[in-house]
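The structure under discussion appears below in the form of structure tokens.
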Amino acid sequence: MIQQFDNLMQLFRAFPDEQAAIDHLTAIRWAGGKYCPLCGNADEKRIGTLTGTNTHKCYACRKRFSIKVGTIFQDTKLPLRTWFAAIWMITNHPKGIASTTLAKDLGITQKTAWFVLHRLRHAARTDSFNAPLSGDVEVDETFVGGRESNKHANKKLRLGRGGLGKAVVLGMIQRDGEFRAGVVTDVKKTTLQGIVRQHVTPGSNVYTDESKSYIGLQGDYNHHTVNHQKGEYVRQFFAHTNTIEGVWALLKRQIIGVHHWVSPKHLDRYVGEMTFRFNRREMTVGMIVNDLLAQRAGPLPYKVLTA
């Protein structure tokens, strides 16, 4: 049976022991029927459970497995109850949680907490976009990186203002709908417009600033712009990028206020975490936790993460 809960205390009451947590994960993973994560066999009659254990056996490939195999929990030494608490914290704190704070709250090392959080970000990532965005879609890019004025003299790039020396994140949000974002290599027209055309339905209303990178969208889209450099933030009451600017504020607060700094190597994971949380803002606490548990992301070995 899939448990429901509205706060952290209810979560612990719902899972008083490790077996309750295992049963909950089993109910979510096998909601559509039993299957073998090793060979893909979905014939329930050919999947058994060894008496008195949490070990299952597939009679197609003749191999044994637990419900954790093929998930982010594979090979973990932490109890599932600890993982569930970590999931609650990363999904229900508006700006996420730092590994140092998670380590203190759960009584684990900071290195373990860092690995746990990255496994959860791995599970929360969007493998591919589903239905294209449509209707009114705001598109914008933001730059992530430290200010030149805050850097040591020998690390200053002295490249002027703007996004030079910073990572670029492109985002698209359908008003009253989904938000999608990811790190991009540059802000060239071919890069940004290629992503827009791939993920926004032709004929939609697309709102951007007056960056030259978006020139050429008109025709396939109803392209509207606002000129931020001239202090314009709304044109004709409907043309604006205020919605996505608000989302960027959440991302910056997450990075600056919680993590303080993230490496360009892992930035896309942090963006994915924020995107997962934002797109489930209307869900209840328990629904968000269960939704993350239902993600089909495979294991993330430490060597792969740090390679």
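Laboratory data are not the source of any read-out in this text; all were calculated from the coordinates shown. Just so it is clear, the model here is predicted, and its values are computed rather than measured. Don't worry about glycine lacking a Cβ; one is built from the backbone with ideal geometry, like all the others, and counts go over all protein chains shown.
Let's test the formula: R0 of 45 Å, r as the Cβ-Cβ distance of Lys303 and Glu178. What FRET efficiency results, to the nearest 0.05?
Efficiency at R0 = 45 Å is approximately 0.85.
So for each of 1-12, 194-205 I average, over its residues, the number of other beta carbons within 10 Å; can you give me the resulting order with the highest mean first?
Top of the packing list down: 194-205, 1-12.
Run the dipole for segment 154-286 about the Cα centre, Lys and Arg Cβ at +1, Asp and Glu Cβ at -1, nothing else charged, and hand back the magnitude in debye, nearest 20.
Here segment 154-286 has a charge dipole of around 660 debye.
Let's test the formula: R0 of 25 Å, r as the Cβ-Cβ distance of Lys252 and Lys189. What FRET efficiency results, to the nearest 0.05?
The calculated FRET efficiency here is 0.50.
If you place +1 on the Cβ of every Lys and Arg, -1 on the Cβ of every Asp and Glu, and leave all else neutral, what size is the dipole of the chain about its Cα centre, to the nearest 20 Debye?
The calculation lands at about 1280 debye.
Set the Förster distance to 41 Å, then compute FRET efficiency between Leu50 and Met283 from the Cβ-Cβ distance, nearest 0.05.
0.70
Between [x] 28, 21, 20; [y] 40, 20, 17; [z] 40, 23, 18, which entry matches semi-axes √(5λ) of the Cα gyration tensor in Å as derived from the coordinates of this structure?
Read-out taken from this structure: [z].
Past 19 Å, Cα to Cα: identify those pairs from Lys95/Lys166; Lys63/Lys303; Lys265/Lys303; Lys95/Lys303, in the order given.
Exceeds cut-off: Lys95/Lys166; Lys63/Lys303; Lys95/Lys303.
Give me the number: length gained by fully extending Ala14 to Ala294, i.e. 0.36 nm times residue separation minus the C-alpha to C-alpha distance, one decimal in nm.
99.0 nm
Sorted by mean Cβ packing within 10 Å, highest first, what order do the peptides 274-281, 13-20 take?
Per-residue Cβ counts within 10 Å, averaged per peptide and sorted highest first, yield 274-281, 13-20.
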